[in-house]
Amino acid sequence: MSNLRVGPIKDFALGIYDSHHATPKDSDEGPVFLGIKNVTPQGILTFSEIKHISEQEYPEWIKRVVPRENDIVFSYEATLHRYALVPRGFRGCLGRHMALLRPDTAKVHPRFLHYYFLTSSWRAVVEANIISGAGVDRISLKSFSYLEVRLPALPVQQRIASILSAYDDLIENNRRRIQLLEQTAQVLYKEWFVHLRFPGHEHVKIKDGVPEGWTRQTLSSLAESVSYGLKASFSLEEAGPKYLRITDIVQSVIKWEDVAYCEATTKEVDRNRLEVGDVVVVRNGATVGYAKLISYLDYQAVYASFLVRFRFRTPAMSFIAGIFMESDAYKKYVRNLAGGTVHSKANAKLLGAAVFLMPPQVLQDQFCDSIRMIYRQRDTLIRQNVRLSTARDLLFPRLMNGEITV
């Protein structure tokens, strides 16, 4: 890449700021208290878990800087290499261990600089300047401001950012549609099974909270089998079956292309093989009770020993039980009994003892038909995002290092 502009990052910024050094009081509402957990390793802001700051404390926390659109927030202590662009309409402040860089748009395109911070070459520059102490890595903001960047001319930055952002915008749009479809499935489940507004409910008598023809069932009573997973060592090398682990379960969707592999005998694969319709649940640790319904499967796959697999008798039962097990209500049930700490443990008996309502077969099939359409749309979008991500990841390093001229 010719005509590179080389210099310390501070020369391309209007300012670099850190957060207010204090701990706010807990608040149930108010502006977003932006922390490391809100930035994914891929450079995306996520608000699945939000900590708020009260309106009373908010002015104190924005005295140094008010985050605005196209600022780049980043972590400088504890968990490093997290960078994200501030979106339009964001209202919040920097949390602990977070800093903010305001790009000088006369010299650098904000989205290009964000992409630049995600490159392996920039990661190496940061790694060379890390301060280690008391088991926590950090980089001082003074050192950060003098780290050298090598940037192409602004028009080239704009063209590269445009190409990559086209992929990212499509991926983000699909991700939102996936989220909406999952919410639709949960809303439909609650409408039928919690609020009991299922088709024909007006003509059905309800006694003790149970509609006529419905029954209270435990998960275990509906399951064909409930089994613990395979104890094995995972590998990133493409050998053996996919090996589904806790880290794959707690994400918003299972990203099968990122799931590791393991060595397993034919007997082990047969005993621990995953199939469409299975539901796997975390039985140990801080994420105990997290579950995923396997709605599609493009690989031969087995599951790890800290997961429990529920295999139900019919597709309808899989959808009904699976959506229930993915709900916050089921997580709460498990965590109340198991503790919900890093030392929590839940056995198959506990996980399978949750009680919920099961309708007659006709309604089971009717619900299954509706939900199947929702999941087909969701799974199509997930596969599209896999293809988009693969194409983007192939382009990304070649564009950023100048191998592809734009």
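The values are calculated or read from the model by the stated rules, or taken from the named source; none is laboratory data. None of the values given here were measured: they were computed from a predicted structure. Note that each Cβ is placed from the backbone with ideal geometry, even for glycine, and that neighbours are counted across all protein chains shown.
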With respect to Leu388, is the statement that it is modelled with pLDDT of 90 or more, touching a helix residue (DSSP H, G or I) at 6+ places or on another chain (Cβ under 6 Å) and part of a strand (DSSP E or B) true?
no
May I ask you to list the residues in segment 154-211 that are of a type in the set (A, V, I, L, M), closer than 30 Å to Val6 by Cβ and loosely packed, with under 13 Cβ neighbours inside 10 Å?
Ala166
Gln364 meets each of (1) within 22 Å of the chain's Cα centre (by Cα); (2) of a type in the set (S, T, N, Q); (3) surrounded by 15 or more Cβ atoms within 10 Å (Cβ to Cβ); (4) over 30 Å from Ser165 (Cβ atoms) with one exception, condition (1)
Could you grab the pairs with beta carbons closer than 8 Å, sequence gap of 6+ or different chains, first residue in segment 42-64 and under 30 Å from Tyr167 (Cβ atoms), second one polar (S, T, N, Q) and assigned to a helix (DSSP H, G or I)?
Leu45/Asn38; Thr46/Asn38; Phe47/Asn38; Glu49/Asn38; Ile50/Asn38
Can you pull out the strands (runs of 3 or more DSSP E) entirely within segment 102-158 that have at least 1 residues that are under 23 Å from Pro67 (Cβ atoms)?
136-138, 148-151
List the residue pairs whose Cβ atoms are under 8 Å apart, where the first residue sits in segment 371-395 and is without any contact (Cβ under 8 Å) to a residue 40 or more places away in the chain, the second is loosely packed, with under 13 Cβ neighbours inside 10 Å and part of a helix (DSSP H, G or I), and the two are 6 or more positions apart or on different chains.
none
Here are Glu263, Glu191: which of them is over 29 Å from Ser370 (Cα atoms) and of a type in the set (Asp, Glu)?
Glu263
Test Asn336 against the stated conditions and say whether it is assigned by TED's automatic domain parsing to the domain that holds Ala291 and farther than 26 Å from Glu212 by Cβ.
yes
Restricted to segment 265-276, and to residues that are of a type outside the set (D, E, K, R) and in a loop (DSSP other than H, G, I, E, B), which residue is surrounded by the most Cβ atoms within 10 Å (Cβ to Cβ)?
Leu274
By residue number, the members of segment 235-264 that are in contact (Cβ under 8 Å) with a residue 40 or more places away in the chain and part of a strand (DSSP E or B) are Lys242, Tyr243, Leu244, Cys262
